Ligand SMILES: Cc1cc2nc3c(=O)[nH]c(=O)nc-3n(C[C@H](O)[C@H](O)[C@H](O)COP(=O)(O)OP(=O)(O)OC[C@H]3O[C@@H](n4cnc5c(N)ncnc54)[C@H](O)[C@@H]3O)c2cc1C
């Protein structure tokens, strides 16, 4: 038996590495085990988010959006650029540099918090022992007072369109296309599909998105979803709803996709196909027999509200447990667990987790949609303010969309905030803070917002909820 730790974290993504750092800050002896391998075989901490998800996708979204604006919007500002060119290889180089700086930064943070990093596969054995298998196959067993499982998630595969690593790829593959496909198919018009479809559309691909559901973004407020769908279609994203894929095969370098919709059997030919139908928890070879940790029927590790598994002092956080698969949700769970282990007070407010879709316009929300509040039977009032009426949005030439507030009719409590428009992902932070403090619309109404800023749209939406908006007619 070798070294013992207070805490061993298995998984070094955005749920696991913050848990390790916080445990180290709490004065505990901590190790973090991670097995991520990049395409070149190198190991990196940071998990899906930093290596193949949030960060590289935002890097490409930014580059492609700048290109789009240079081509479509600069002339309106009086800026004329002749012969705008782009270089996909340079975009990837910039993206890789950002990813590398972020993932290497974790090692420096580990050093500061005295966390021992281990590259390799971790497996929980009974009795809170953890077996580490290094890349050379060497096995070591460590003892831990507490174990935190943060093994993340993996893309779901469609049986009718299996990944082939070249023409039919997952989201990671779609972040690495070396050239712009002339015709790109995307299965799934959810968050990841929309972001990836937007990147390649802006770079010139003809993009067809096949979504099995009839509703577009059913988890979002439907007024927001409608506005977004209109905008995306105008940008050239060919979003086909109610389109269920029944087969896909690669013939002479092209992908032939079969699907069915209300009109019957259809087919489509594309050069590349991205399958973005969701992710499932990843727990392969994570649990030896007899650990006491259980999985639910969908494969998530079963936990309580404080992320305790069924085994004493074994915790689980992030994408491998219930709740939205979001980096910031996993991070908060990791911090909560590390503080609970140290005997401190901690909790996660699952009612106030923001969601953001980094398309243009951006979409962001927190709390309940108008539909959810109405379905709950609670009487609500709604305030909407369009960016068209915002001086800052007009100055930015970015007037599409609106901010919407849903509040309780009886006690004025903010129940949900929904934004589609410029910088929605940044603006939503104010709403998250307001809801964390159980703010009312009156609180927002009485809060001074700088002029001219996009944030005034939230202020005006709060005023509109009581028909007291100033810069837009009240309805
Ligand atoms: C294209 C894309 C874009 C996204 N964009 C966003 C976004 O903008 N915002 C957002 O909030 N979320 C986004 N997400 C989701 C986000 O990436 C995940 O919610 C987040 O990474 C989950 O964190 P995690 O730590 O739970 O798991 P992961 O990030 O998956 O990390 C788990 C880590 O554990 C390792 N591991 C697993 N099992 C073992 C084992 N037995 N031993 C050792 N190591 C192990 C894995 O190799 C991995 O490194 C995006 C996802 C994708 C795919």
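Each reported figure results from applying straightforward, stated rules to the coordinates on display, with no laboratory input. The structure displayed is predicted, hence computed values, not measured ones. No Cβ is skipped: glycine too gets one built from the backbone with ideal geometry, and neighbour counts run over all protein chains shown.
Shape class for the range 167-319: prolate, because the ratio a/c of the largest to smallest gyration tensor axis (alpha-carbon atoms, square roots of eigenvalues) is 1.5 or more and a/b beats b/c. Computed extension length for residue 38-residue 182: 49.1 nm, one decimal, from 0.36 nm per residue of separation with the Cα-Cα distance subtracted.
Each residue, residue 114 and residue 157, gets one label point 7 Å from its Cα in the Cβ direction; the gap between the two is 4.5 nm. Here is the size of the range 298-361 from its Cα atoms: Rg then Dmax, 13.0, 46 Å. For the range 164-236, what's the relative contact order in percent, using C-alpha pairs closer than 8 Å and at least 6 residues apart? RCO, the range 164-236: 27 percent. For the pair residue 305 and residue 233, a Förster radius of 45 Å applied to the C-beta separation gives a FRET efficiency near 0.65, rounded to the nearest 0.05. Between residue 471 and residue 143, residue separation times 0.36 nm minus the direct Cα-Cα distance comes to 111.8 nm. Compared with the alpha-carbon gap, the fully stretched path from residue 65 to residue 77 is longer by 2.7 nm at 0.36 nm per residue.
Its Cα gyration tensor gives the chain an equivalent ellipsoid, and the semi-axes of that ellipsoid, as √(5λ) in whole Å with the largest first, are 38, 30, 22. Divide the volume of the convex hull around the Cα atoms of the range 35-119 by the residue count and you get 105 Å³ per residue. Each helix, a run of at least 4 DSSP H residues, gives -39500 (n - 2.57); summed and divided by the residues of the chain, these come to -9000 deg cm²/dmol at 222 nm. Treating each Cα of the range 376-475 as one equal point scatterer and applying the Debye formula with no solvent, the log10 of I(q)/I(0) at q = 0.15, 0.18 Å⁻¹ comes out as -0.52, -0.74. Separation of the range 128-202 from the range 433-473 is 40 Å, based on Cα centroids. Listed by Cβ neighbour count within 10 Å, with the fewest neighbours leading, 36, 172 appear as 172, 36. Each label point was placed 7 Å from the Cα along the Cα-to-Cβ direction; for residue 396 and residue 313 their separation is 5.0 nm. The ranking of 146, 43 by Cβ neighbour count inside 10 Å, starting from the fewest, reads 43, 146. Summary value for the chain: 15 percent relative contact order, contacts being C-alpha pairs under 8 angstrom separated by 6+ residues. Cβ-to-Cβ counts within 10 Å put 186, 169 in ascending order as 169, 186, the fewest first.
Note on residue 447 and residue 58: their simple-model spin labels are 2.1 nm apart, each label 7 Å out from Cα toward Cβ.
If R0 is 41 Å, what FRET efficiency do you get for residue 266 and residue 100 from their C-beta distance, rounded to 0.05?
With R0 = 41 Å, the Cβ-Cβ based efficiency is 0.45.
Where both bridge residues fall in the range 1-147, DSSP classifies roughly 45% of the beta bridges as antiparallel.
Relative contact order for the range 47-131: what is it in percent, counting Cα pairs under 8 Å that are at least 6 residues apart?
Here the relative contact order equals 28 percent.
The listed peptides 67-79, 147-159, 4-16, ordered by packing as a protection proxy, come out as 4-16, 147-159, 67-79 (highest mean of other Cβ atoms within 10 Å first). Among 399-407, 381-389, the peptide with the highest mean count of other Cβ atoms within 10 Å heads the list, and the full ranking is 399-407, 381-389.
By DSSP, the beta bridges lying fully in the chain are antiparallel in about 60 percent of cases.
Once the Cβ-Cβ distance of residue 408 and residue 84 is raised to the sixth power relative to R0 = 35 Å, the FRET efficiency obtained is 0.10. Of the peptides 196-203, 226-233, the order by per-residue mean of other Cβ atoms within 10 Å, starting with the highest, comes out as 196-203, 226-233.
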